[in-house]
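Okay, so here's the structure we're looking at.
The values are calculated or read from the model by the stated rules, or taken from the named source; none is laboratory data. None of these values were measured; they are calculated from a predicted model. With ideal geometry, Cβ positions are generated from the backbone for all residues, glycine too; neighbour counts draw on all protein chains shown. The protein model used for the area step is the full one, side chains on, heavy atoms only, and it has no ligands, DNA or RNA in it. Shrake-Rupley method; radii C 1.70, N 1.55, O 1.52, S 1.80 Å.
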Amino acid sequence: MRCLHFLAPLLLTAVHAFVAPAPHRMSATRSPASVARSPRAAAGPSMIFDEIGKKFQEAVAAVTESPDAARRPSPAVAVLLELCRDGAPREVIEAVIDKLPPSPAGADITGRWELAYTSEKEVLFLRENGLLGLPCTGIFQDISTEQGRLEQLVLFDGGFLRVGSTCTTSASSPRVDFKFDSCAARWKGLELPLPPYGQGWFDTVYVDGSVRISRDVRGDTQVVTRVGPSELYASPESPASLEQAVSTLQRAAATKAVGPDAVINALLFVERRMRENCKANSAKGSEQLEKLNGAWRLV
């Protein structure tokens with residue numbers, strides 16, 4: 001149990017910095033040593049920006065020639081995501097972000113998002129080093145402006161760090177104010193509730209159907225990509241479809257990281273939908289009963 005006393009302050013520091021981090025200039029995807037070895041990182045400023053210019057031209061040509069161009073990210077966003085994947089230096093990523101058109105105030109940011117880039121050191125530490133031997137498998141953010149909820153989730157292979165908070169948005173401002181109100185960490189089979197503390201804000205610099213970029217109270221930048229609709233279900237009517245509710249339950253079983261309210265509401269949604277289907281089609285009920293045969297394990 002002593003390891004938990006050591007772990008708690010570290011996790012609390014990471015929790016506070018996850019949304020309101022300290023300024024940092026390290027790559028979001030690589031350690032300092034690996035960045036130093038990167039050909040792009042080793043190149044001079046003029047070479048780096050020449051390369052960005054070439055990538056812009058290639059992206060513009062690809063989008064112009066494609067019949068489904070309207071469904072693709074803009075050329076600048078395509079370049080930005082490639083730079084994030086390559087572990088480009090922060091100044092290069094920031095330069096591309098500054099070329100993006102600003103999103104209108106009050107733009108919709110509801111959804112489930114996956115981290116592509118951050119300049120924040122505590123999150124980078126968890127991403128690169130994992131949690132007490134458990135490697136990091138993904139970092140997500142779920143936002144529901146309708147409910148005024150924001151959830152941060154760092155997944156590990158056998159654990160998680162989950163932070164819940166309230167959030168306040170305005171139709172006339174890009175700013176999102178947040179305040180932590182729940183926190184929990186899981187390491188293998190041991191789950192530890194942690195006292196939530198901290199509050200702050202971030203501004204949405206850019207958002208479209210697939211990408212969102214924000215800068216926060218401490219000057220750090222975050223780039224996230226949309227992975228689906230929000231799963232912060234407020235009621236059994238909240239899931240958009242049966243497929244989404246089942247996906248939430250499958251993720252809960254696999255990661256143990258989904259909040260209890262979301263699990264309960266997803267279960268109720270599935271139950272109600274299946275009852276409706278069985279009433280409409282009696283053969284469906286017999287089919288479902290037949291599927292119950294077998295041995296099952298509680299997850």
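General observations
- Residue within the stretch 227-246 that is over 17 Å from Arg149 (Cα atoms) and at pLDDT 90 or above present: yes
- Just one of (1) out of contact with any helix residue (DSSP H, G or I) (no Cβ under 7 Å at 6 or more places or on another chain); (2) at pLDDT 90 or above; (3) open to solvent by 10 Å² or more (accessible area, probe 1.4 Å) fails for Cys136. It is (1).
- Ala253 farther than 30 Å from Leu100 by Cβ, crowded, with 18+ Cβ neighbours inside 10 Å and small (Gly, Ala, Ser): no
- Residue within the stretch 163-178 that is over 22 Å from Ser230 (Cβ atoms) and either surrounded by fewer than 15 Cβ atoms within 10 Å (Cβ to Cβ) or among the β-branched types (Val, Ile, Thr) (or both) present: yes
- Failed criterion for Val217 (all others in (1) aliphatic (A, V, I, L, M); (2) modelled with pLDDT under 85; (3) in contact with a Phe, Trp or Tyr (Cβ under 8 Å, 6 or more places away or on another chain) hold): (2)
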